[in-house]
1. Which angle from 0 to 90°, rounded to the nearest 10, does the C-alpha axis of helix 411-429 make with the longest principal axis of the chain?
2. By average Cβ neighbour count within 10 Å, what is the ranking of 318-325, 10-17 from highest down?
3. Residues in region 132-162, backbone N under 12 Å from the label point at Ser123 (7 Å along the Cα-to-beta-carbon vector): list them, ranges by number please.
4. Could you check the simple spin-label distance between Gln300 and Tyr81, using points 7 Å along Cα→Cβ, in nm with one decimal?
5. Tell me the label-point distance for the pair Glu23, Phe59, using the 7 Å Cα-to-Cβ offset, in nm and rounded to one decimal.
6. Magnitude of the Cβ-charge dipole of the chain, K/R +1 and D/E -1, about the Cα centre, nearest 20 debye?
7. Enumerate the amide H contacts of Asp312 below 5 Å, restricted to partners 5 or more residues apart or on another chain; note that Pro and chain-start residues carry no placed amide H.
8. What FRET efficiency comes out for Asp453 versus Glu332 if R0 is 30 angstrom and r is the Cβ-Cβ distance? Round to the nearest 0.05.
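Values quoted throughout were computed directly from the atomic coordinates according to the rules given, and no laboratory measurement underlies them. Keep in mind that this is a model prediction, so the values were computed, not measured. Positions of Cβ are generated from backbone atoms using ideal geometry, with glycine treated the same way; all protein chains shown enter the neighbour counts.
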Amino acid sequence: MAILAHIEGSIILDVFGNKKTIECDTYSISNNILMYTKGDKLVFYDLLEDKEGKTHHIFSKPSKLIQSTNGKIVGVLNEDYALLVFDQSSEMLMESEVSNFDLSNNLLTYVSNDKIVIRKFGSSSPFHRASNIYSKFYTFDDFVILATRKSIKDNNYKIFKIDEAGSVEIGCFDILEEFACRINKENTYILLRLATSYVKNSYFAHTELYLYDIKETKLEKIPKISNISDFKFIKDGFVIIFGSQPSNVCVYDYQMNRINRFPKGLRNQIYYNPHNNIVALAGFEQLSGDIEVYNAEDMQKYAELVELGANDIKWETDGAYFYVSTTKYLKEDNKITMFDYHGRRIKEEKYEALISSTVYGVEKDFISLPKPEASTKPRKQIYVPPHLAKNSNRVIKENKPPQKKAPQETLESLKETLKEIERLRQKLQSGEMLSTKEMNLLLKEDSIKNKIDKFVQ
């Protein structure tokens, strides 16, 4: 078991073991095959054998790199808008004037000039070429899911499924502000998160989740949920985080029956271990860094911890340990911390600027770990001196200062605050430092959004 750390200008293999540093600009890992770039070169690297493979020239620095799920194919879009696709031994394809692309184990989708092109690897010509009316697309092994821009003809947005047999419309919407989709391992169902409507006078589009049955070509909206934070396929179903904070986390089967529900909490991300028997629910980004670890089957809570500023979790291949990463989003206290599923801190590595982290290695059998001893940590208490209390040894649980009444908030003031939060987020993304006061304002984003929603209801 091992984890890779991406820092400025390099990657570090096996962070907590036999470290190895490689100069690198961008990288991808899939199926234990590492592909990384440095300058105008692309290198294949077998992580299991710890062995460097073929090097390819990509002519200029990459702006986008995508690797197939099986790890055998990589596509690179360079700064000169040239798309190059390689397998482990040779160049498979090169196209110029490309603005965007996606690929899978079998298919390649790309936009060149005003055309969108879909082709199967190994085929001499594309099976689909048309005017680029699409805003976003996802490429899977046997087909592509695409969302159109607003049609001039009927004033609608549409979603299509395109394969070698042709094109099928699977949905039509008045509004489509957001489009994201995922497919299950069996390639039988797709989940689509769509922002398809606005509440009157609301500042935000409401996100909804739809389930698409590929065999039956049927798209259905999952009822009674909105404001989707995260969604994942699991064995025999899927799990969703939805609603205002504290949010709901529910598990569904493919008939859209709710079969499990976790307690409410401040969370917006779901992280199942490889065995799907333990799940970490986290409140990252604008939330407070709360992490709760549950048995995914009987809902028993194993651990509860807080990692302020953290923004990612990666599970080890044995399913018993996980890594919490704090990346350069905050540009301070960047680190990777290893925990077991009972919440015990195992190891930690700190960095000046951590960009990302990735776990690799062969999947192993789940390891059941012994429970920790019962916590003896006392509640927060404050001692009251004898002259202030009847009982000289009296202890109270907490001494809260008097609360000042907050000034009355208006819808316009809340919207202005939200604009300020967005401005601060852009400063962070550009690498600027924020004050503690500004960081605290960022953490209030969900609360501000909830207040705006209440105003317009």
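1. Computed tilt is about 60 degrees.
2. Working: 318-325: 21.9, 10-17: 17.6.
Ranked by mean Cβ neighbours within 10 Å, highest first: 318-325, 10-17.
3. Residues passing the 12 Å test: 142-144, 162.
4. 5.9 nm
5. According to this spin-label approximation, the distance is 2.4 nm.
6. On the way: 63 positive and 64 negative charges, 409 e Å.
In total the dipole reaches around 1960 debye.
7. Those lying under 5 Å, H to H, from Asp312 are Ser325.
8. On the way: r = 32 Å, r/R0 = 1.08.
In this case the efficiency is close to 0.40.
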